[in-house]
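Derivation of every value follows stated rules applied to the coordinates shown; laboratory data play no part. Values in this document were obtained by computation on a predicted structure and should not be read as measured data. Here the Cβ is made from the backbone with ideal geometry for all residues, glycine too, and neighbour counts use every protein chain on show.
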Amino acid sequence: LGKIGPVARLDSDVADADRASAWRALETGQTRLGVGTRGALLAPFASFPTLVLIDEHDEQHRPPGHPRLHARDIVFERARREKLALWLTSATPSVETWWRTTVGLVRTDRGERGAWPNVVIADTRGILRREPLTPELSRTLRETLSRGGRAFIAVSRLTASLACDECGLIARCETCGVALAYSRAAATLGCRVCGASVALMDRCPGCSGRRLSPFGWSPERVEHAVRRRFSAARIARYDPALRGARRSASHAAASAADVVIGTPAALKLFGPGALGMVGFVSPDQWLRLPDFRASERLLDAAWAAAERIRPGGTLIVQSQHPAHHALAAIAAQDLATFYDRELAFRAELGYPPFRRLAVLTVRQRSGAPPRLVDEVAAAVRGAGRLVAYPPTSARRERAHRIVVKGEEDLPSVLSEVMRGLNAARFISRGIIDVEVDPVEWQF
């Protein structure tokens, strides 16, 4: 943007005084270009601006704390009120935004397809038990290194559900369609949406196999396997969550390495076309998450990886679900392959964008009987226009969560319920936290 003209920066890395000066420059028209984080979306302009939201699908556009306003919702509302032009950019649009294009609320402007790597989907059913690298991944990594290319091995720390090692079947809730959360201590599988709980099974309902496990491959285990096979290569493990000197040292090591191992968040270390190959060790961990957005997160990660591979390079995805629609979309470089199936799934089970969701978190003092939880659940069910699932315990019984489904008026209906609870003198003491349209399913 600096090549076009002066740019006003409105982000936290700018000093308060400079940010205030940039704000005034936009308001007076002295500066016509502004860039920043969520707060910049409310900046005043001397004339009617064009609003642009980069990577609208990114979860970071919704802050974890209050106020829980998604940047996408802010720009849509401002564009509507002030009749402004609005551009949303994304390589993998959110399912909600894609749906808006199908019903005519948003117009798409798709560029031509760029170069795409060779995509290999390696079927790991029954073979990824003791070794994280399949023959396909090992061979491609060896060829990449011999040509002087760099490689990234993507892993996940997530092991939240139960799956069959032989056929790949994931234990799911029959009502909600999301993966059942695995609790080793309680020896149960529980649904984080409707609260249903079932005992651990000893046989797979799909193939009758007995190899059911919540196993996963951590970055440490994968690094050990890569070093054992490629001892001459420079290998580094990169964790973008580190801070201070440890992060600087990790970044420096990864920048000089031939093979970098880390979670998909570490892909931001590389620019487009910087890698010769990317290998996903076990992306099925996303599909095992008790989250209806699990498939969407897998698509985002794999598509971002493909964009960072140079022409002629290779993307290898090791999966027990080689026919999954997210992987089919990656292989064909065709987003519609994913969104058509995903929208059908969400329409059938009543997930966004077809219905709205809210999560009510009820907290009481330690040891108190869950009377407030029962009162809140009864009040929500009594609203009539909402579907309230039974409360589920969270955070070692210190809180309970209630998932609520509703129509477009869900926020106003919940507001009425909360006002009624606040006015009732008999209500138990505690804290009720309401999050509408949650992006991250953190339970």
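Of note:
- Long-range amide H partners of Leu33 with built H, under 5 Å: Ala8
- Residue among Ala154, Leu242, Gly190 farthest towards the positive dipole end of region 118-346, charges placed on Cβ: Leu242
- In nm, spacing of pseudo-spin labels at Ala115 and Ala46 (7 Å Cα→C-beta vector): 4.4
- Beta bridges by DSSP in the chain, antiparallel share as percent, to the nearest 5: 50
- Relative protection proxy for 400-411, 304-315, 247-258, 78-89, from highest mean packing down: 304-315, 400-411, 247-258, 78-89 (other beta-carbon atoms within 10 angstrom).
- Residue exposure sequence - Val317, Val436, Val103, Val95 - by fewest surrounding Cβ within 10 Å: Val103, Val436, Val95, Val317
- Residue-normalised convex hull volume from the C-alpha trace of region 47-205: 231 Å³ per residue.
- Calculated on the alpha-carbon coordinates, the convex hull of region 118-346 measures out at 129 cubic angstrom per residue.
- Derived value for the chain: Kirkwood hydrodynamic radius 24.4 Å. Basis is the mean of 1/r over every pair of different alpha-carbon atoms.
- Computed from label points 7 Å out along Cα-Cβ, the spacing between Ile54 and Arg32 is 2.1 nm.
- Region 99-143: radius of gyration over Cα atoms, expressed as a fraction of 2.2 N^0.38 Å: 2.03
- By other beta-carbon atoms within 10 Å, ranking Thr37, Thr134 with the fewest at the front produces Thr37, Thr134.
- 3J(HN,Hα) couplings calculated from phi for region 18-31 with the Karplus curve 6.51 cos²θ - 1.76 cosθ + 1.60 (θ = phi - 60°) are, in sequence order, 5, 5, 5, 5, 5, 4, 5, 5, 5, 5, 8, x, 4, 10 Hz; Gly and Pro show x.
- Taking Leu162, Leu327, Leu53 in turn, the Gaussian network model of the chain (Cα-Cα springs below 10 Å) assigns the largest fluctuation to Leu53.
- Each residue of region 333-387 gets 110 Å³ once the volume of the Cα convex hull is shared out per residue.
- Fraction of C-alpha pairs exceeding 28 angstrom in region 254-391: 41 percent, rounded to a whole number.
- Rg to Rh quotient for region 356-436, alpha carbon positions, Kirkwood Rh: 0.94
- Distance histogram for region 215-276 (every C-alpha pair counted, 5 angstrom bins, percent rounded to whole numbers): 4, 17, 26, 27, 18, 7, 1
- Here the alpha carbons of region 7-102 define both size measures, Rg and Dmax, at 14.0, 44 Å.
- For Lys268, a cut-off of 15 angstrom between C-alpha atoms picks up these aspartates and glutamates, skipping any fewer than 8 places away in its own chain: Asp55, Asp58, Glu59, Asp239, Asp300, Glu307.
- Taking Ile235, Ile127, Ile170 as the candidate residues, the one with maximal mean-square fluctuation in a Gaussian network model of the chain, Cα springs under 10 Å, is Ile127.
- In this calculation the C-beta distance from Ser412 to Leu105 is compared with R0 = 22 Å, giving a FRET efficiency of 0.55.
- Cα radius of gyration and Dmax for region 245-305 (Å): 13.4, 38
- The length gained by stretching the chain between Ser255 and Leu69 to full extension, at 0.36 nm per residue less their Cα-Cα distance, is 63.4 nm.
- The relative contact order of the chain comes to 15 percent, based on Cα pairs under 8 Å that sit 6 or more residues apart.
- Difference of contour (0.36 nm per residue) and Cα-Cα distance, Arg227 to Glu348: 38.9 nm
- Charge dipole magnitude, Cβ of K and R +1, D and E -1 - the chain, Cα centre, debye nearest 20: 1040
- Simple spin-label estimate for Ala274 and Ala336 in nanometres, 7 Å along Cα-Cβ: 3.4
- Listed residues Phe345, Phe45, Phe152, most fluctuating in the chain (Gaussian network, C-alpha, under 10 Å): Phe45
- Each residue of region 311-326 is assigned a 3J(HN,Hα), and the resulting list reads x, x, x, 9, 10, 10, 10, 8, 8, 7, 10, x, 9, 4, 5, 5 Hz, derived from the Karplus form 6.51 cos²θ - 1.76 cosθ + 1.60 (θ = phi - 60°), x at Gly and Pro.
- Pairwise centroid distance, computed over Cα atoms, of region 170-242 with region 33-55, Å: 41
- Ascending count of other beta-carbon atoms within 10 Å, so fewest first, for Asp16, Asp73: Asp16, Asp73
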